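Have a look at the structure below before the remarks.
The values are calculated or read from the model by the stated rules, or taken from the named source; none is laboratory data. All of these numbers come straight from a predicted model, not from anything done at the bench. Because the Cβ atoms are built from the backbone with ideal geometry, glycine has one as well, and the counts that use them run over all protein chains shown. Keep in mind that these areas ignore ligands, DNA and RNA; they rest on the heavy atoms of the full protein, side chains included. Shrake-Rupley method; radii C 1.70, N 1.55, O 1.52, S 1.80 Å.
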Amino acid sequence: MRKVKSDRYSYIESLSEPEDKTKEKARNHSQQIGLDAISLSVVEARLIQFQLQSVSAKKVVEIGTLTGLSASYILEALPQDGKLWTIEKSPQHAELAEDVLDTEIKAGRCQIVVDDAQKALEGLSAEGPFDAVFIDGNKAAYLNYFEWALKNTKVGGVIIADNVFLAGSVWGDMSAQKFSEKQISVLNQMNRMAFQNKSLSSVIIPTEEGMLVCKKLS
Ligand SMILES: C[S@@+](CC[C@H](N)C(=O)[O-])C[C@H]1O[C@@H](n2cnc3c(N)ncnc32)[C@H](O)[C@@H]1O
């Protein structure tokens, strides 16, 4: 959940069903480690579910599991025979996510890959192509993740990336948070690449954080 929740977010949230026990657990775990502010908000999570459902996604890759909150939303949007591969480099985060996603892991619908995402993605190519890739990991590596997603997403599938505004840094507002020059440059390159690539239909949904959504057309 983001630290500052706007009235718009609160209003949309008030229309949504309350989060179930699994999602509550994921939020509690991330609160315990002081990282609840970096989990998706309900509004963002539902936007992702909507995108996945609109392309009837079955096979999805997520980069950045944290404690499994977004994974839980993604799994809810997949059919029973769908599968999510979610990548997390921190063994501590992965262990908490394993607790949250236990039932789905046992059912074979979810696999947590504990590794640096760039390394993990190389291995995951063999499981592809995928219907969707959700990017929410190391900001400095977003361009690499995006290039991997371009190659490994099916035509008709979607690539989604969160935090593409970097708290305004991408348009030069440095007041909110400090991001490195590399992170800002990488995010700007990825956003431009997404909009210029003729094989994609790309939009940035102006959520608080900025959510890039690209549909692969050819
Ligand atoms: C913003 S959080 C993900 C939040 C999660 N998607 C959610 O909404 O519940 C980013 C996660 O990416 C992980 N991460 C950072 N760098 C990574 C890397 N190089 N490879 C894999 N995971 C990474 C972090 O440990 C952290 O758990």
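Would you be able to tell me the number of residues in the range 160-183 that are part of a helix (DSSP H, G or I), open to solvent by 20 Å² or more (accessible area, probe 1.4 Å) and farther than 23 Å from VAL42 by Cα?
Number of matching residues: 5.
Out of the residues in the range 110-123 that are crowded, with 19+ Cβ neighbours inside 10 Å and not small (Gly, Ala, Ser), which is nearest to TYR145 (Cα to Cα)?
Going through the qualifying residues, I end up with LEU121.
Please state which one of ALA141, ALA176, ALA167, ALA149 is on the phi > 0 side of the Ramachandran plot and either within 14 Å of the ligand (Cβ to nearest atom) or out of contact with any Asp or Glu (no Cβ under 9 Å at 6 or more places or on another chain) (or both).
Residue meeting the stated conditions: ALA167.
Out of THR22, THR86, THR103, which single residue is hydroxyl-bearing (Ser, Thr, Tyr), under 25 Å from LEU143 (Cα atoms) and at pLDDT 95 or above?
Among THR22, THR86, THR103, only THR86 is hydroxyl-bearing (Ser, Thr, Tyr), under 25 Å from LEU143 (Cα atoms) and at pLDDT 95 or above.
List the number of the failed condition for ALA37; all other conditions in (1) among the aliphatic types (A, V, I, L, M); (2) touching a Cys at 6+ places or on another chain (Cβ under 8 Å); (3) surrounded by fewer than 20 Cβ atoms within 10 Å (Cβ to Cβ) hold.
Of (1) among the aliphatic types (A, V, I, L, M); (2) touching a Cys at 6+ places or on another chain (Cβ under 8 Å); (3) surrounded by fewer than 20 Cβ atoms within 10 Å (Cβ to Cβ), only one is false for ALA37: (2).
Conditions first: (1) closer than 26 Å to GLY82 by Cα; (2) open to solvent by less than 30 Å² (accessible area, probe 1.4 Å). ASN144 passes all but one, so which condition is the exception?
(2)
Can you run down the residue pairs with Cβ atoms below 6 Å, 6 or more apart or on separate chains, where the first is in the range 107-129 and closer than 17 Å to ILE74 by Cα and the partner is small (Gly, Ala, Ser) and within 12 Å of the ligand (Cβ to nearest atom)?
ILE112/ALA94; ILE112/ALA97; VAL113/ALA120
Pull up the range 9-40, narrow it to residues that are within 9 Å of the ligand (Cβ to nearest atom) and not in a helix (DSSP H, G or I), then point me to the one that is nearest to ASP162 (Cα to Cα).
If we take residues in the range 9-40 being within 9 Å of the ligand (Cβ to nearest atom) and not in a helix (DSSP H, G or I), then LEU40 is nearest to ASP162 (Cα to Cα).
Among (1) in contact (Cβ under 8 Å) with a residue 60 or more places away in the chain; (2) within 14 Å of the ligand (Cβ to nearest atom); (3) outside any helix (DSSP H, G or I), where does GLY157 come up short?
Failing condition for GLY157: (2).
Under 6 Å by Cβ, and 6 or more places apart or on different chains, what pairs join a residue from the range 88-104 that is touching a residue at least 12 places away in the same chain (Cβ under 8 Å) with one that is open to solvent by 60 Å² or more (accessible area, probe 1.4 Å) and in a helix (DSSP H, G or I)?
Hits for this filter: VAL100/LYS25.
Can you work out which of the residues in the range 55-70 that are more than 9 Å from the ligand (Cβ to nearest atom) and part of a loop (DSSP other than H, G, I, E, B) is surrounded by the most Cβ atoms within 10 Å (Cβ to Cβ)?
ALA57
Quick check on the range 45-54. Is at least one of its residues in a helix (DSSP H, G or I), open to solvent by 50 Å² or more (accessible area, probe 1.4 Å), away from the ligand (no atom under 11 Å from the Cβ) and closer than 21 Å to ASN163 by Cβ?
For the range 45-54, residues in a helix (DSSP H, G or I), open to solvent by 50 Å² or more (accessible area, probe 1.4 Å), away from the ligand (no atom under 11 Å from the Cβ) and closer than 21 Å to ASN163 by Cβ: present.
Taking the range 77-112, which residues are within 16 Å of the chain's Cα centre (by Cα), away from the ligand (no atom under 13 Å from the Cβ) and assigned to a helix (DSSP H, G or I)?
Result: ALA77, single match.
What tally of residues in the range 1-54 results from selecting those that are small (Gly, Ala, Ser) and under 18 Å from LEU78 (Cα atoms)? Spell out the reasoning first.
The initial filter retains those residues of the range 1-54 that are small (Gly, Ala, Ser), namely 6, 10, 14, 16, 26, 30, 34, 37, 39, 41, 45, 54.
Narrowing further to those that are under 18 Å from LEU78 (Cα atoms): 45, 54.
Final tally of qualifying residues: 2.
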